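Structure first, then comments.
The values are calculated or read from the model by the stated rules, or taken from the named source; none is laboratory data. Remember, it's a predicted structure, so these values are computed and weren't measured experimentally. Neighbour counts are summed over all protein chains in view; Cβ atoms, including those assigned to glycine, are modelled from backbone coordinates with ideal geometry.
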Amino acid sequence: METIEIKSVAHLSELVDDKFDDEDETTVIYRGLEDVGYTLQPKVGRPGIKFKGKDLTPQNEKRIIELFKRRSTGLTPLNAADEWELLAIARHHGLPTRLMDWTRNPLVAAYFAVRRKLDCDSVIYAWRCPKECLSTCLEKPFEINEVTRYIPRHVVARIRAQSGLFTAHPYPYSPLQEPGLVKLLIPNKDELRKQIKRSLWRLGVDEATMYPDLDGTARHIEWLQTDCH
């Protein structure tokens, strides 16, 4: 996988213009990770997610989603139109599913890569993928046989604020290794991560805009007015 070291937000913007522009049949999506050591795979398949000491199975995942469906009634602004939307809402509220979060906005991905103060390198993955595969042409989430891009309706404010979309993984226990992936490394040196976070804030990308609710606003004010990083 090609790796490029990011030097600043301006450098990231130049890369997007020079290397990641959309083409006729493809588009580029981004995913930011705080630790370069994290695997590029959905939460339901990550090594630390267990049930009774064992990896989750599709049956476990279906059970999780069924429980979420029953208990979220009346708690969401809109009812999920189908199983895809239900998975999207569940994922954005932290449940382990076979969906993995991405964004069309590289600055959003950069924010999630440097959001917290950690002693590690961060990373943004840029993936050039086919433009096809909207929800109207997809099979059911548990019936797909290849990694599939899914763009939901903006049924959750966070999805809209984060320019969010997902990839759905038929084999979530294996890290994504598709052609067209590029690793944009943000090294943990010379306070670069902190500088990038402040640059993003000046451009309007911060905790309050990424999480447009009282919790996000409170966390952003804490960051602005204290030594919290």
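Residue count for the range 188-229 under the criterion of being surrounded by 17 or more Cβ atoms within 10 Å (Cβ to Cβ), hydroxyl-bearing (Ser, Thr, Tyr) and part of a helix (DSSP H, G or I): the result is 2.
Taking the criterion of being within 21 Å of the chain's Cα centre (by Cα) and modelled with pLDDT of 90 or more, the residues of the range 195-229 that qualify are Ile196, Lys197, Arg198, Ser199, Leu200, Trp201, Leu203, Gly204, Val205.
Scanning the range 34-55 for residues that are in a loop (DSSP other than H, G, I, E, B) and either over 30 Å from Asp119 (Cα atoms) or at pLDDT 85 or above (or both) gives Glu34, Asp35, Val36, Gly37, Tyr38, Thr39, Leu40, Gln41, Pro42, Arg46, Lys52. If we scan the range 74-88, do we find a residue that is at pLDDT 85 or above, within 19 Å of Met210 (Cβ to Cβ) and among the hydrophobic types (A, V, I, L, M, F, W, C)? Yes - at least one qualifying residue is present in the range 74-88. For the range 143-150, the count of residues that are without any contact (Cβ under 8 Å) to a residue 24 or more places away in the chain and in a strand (DSSP E or B) is at least one. Looking across Cys120, Cys137, one residue alone is at pLDDT 90 or above, hydrophobic (A, V, I, L, M, F, W, C), surrounded by fewer than 20 Cβ atoms within 10 Å (Cβ to Cβ) and out of contact with any helix residue (DSSP H, G or I) (no Cβ under 6 Å at 6 or more places or on another chain). It is Cys120. Just one of Lys62, Lys52 is on the phi > 0 side of the Ramachandran plot and surrounded by fewer than 19 Cβ atoms within 10 Å (Cβ to Cβ); which is it? Only one candidate passes the filter, namely Lys52. Starting from residues that are in contact with a Lys or Arg (Cβ under 8 Å, 6 or more places away or on another chain) and not in a loop (DSSP other than H, G, I, E, B), keep the ones in the range 5-31 and report whichever is surrounded by the fewest Cβ atoms within 10 Å (Cβ to Cβ). Among them, the one singled out is Thr26.
Please verify whether the range 62-73 includes one or more residues that are outside any helix (DSSP H, G or I), of a type in the set (Ser, Thr, Tyr) and touching a strand residue (DSSP E or B) at 6+ places or on another chain (Cβ under 8 Å). Checking the range 62-73: not a single residue is outside any helix (DSSP H, G or I), of a type in the set (Ser, Thr, Tyr) and touching a strand residue (DSSP E or B) at 6+ places or on another chain (Cβ under 8 Å).
Please verify whether the range 163-170 includes one or more residues that are free of Cβ contacts under 8 Å to residues at least 40 places away in the same chain and not in a loop (DSSP other than H, G, I, E, B). No, because not a single residue in the range 163-170 is free of Cβ contacts under 8 Å to residues at least 40 places away in the same chain and not in a loop (DSSP other than H, G, I, E, B).
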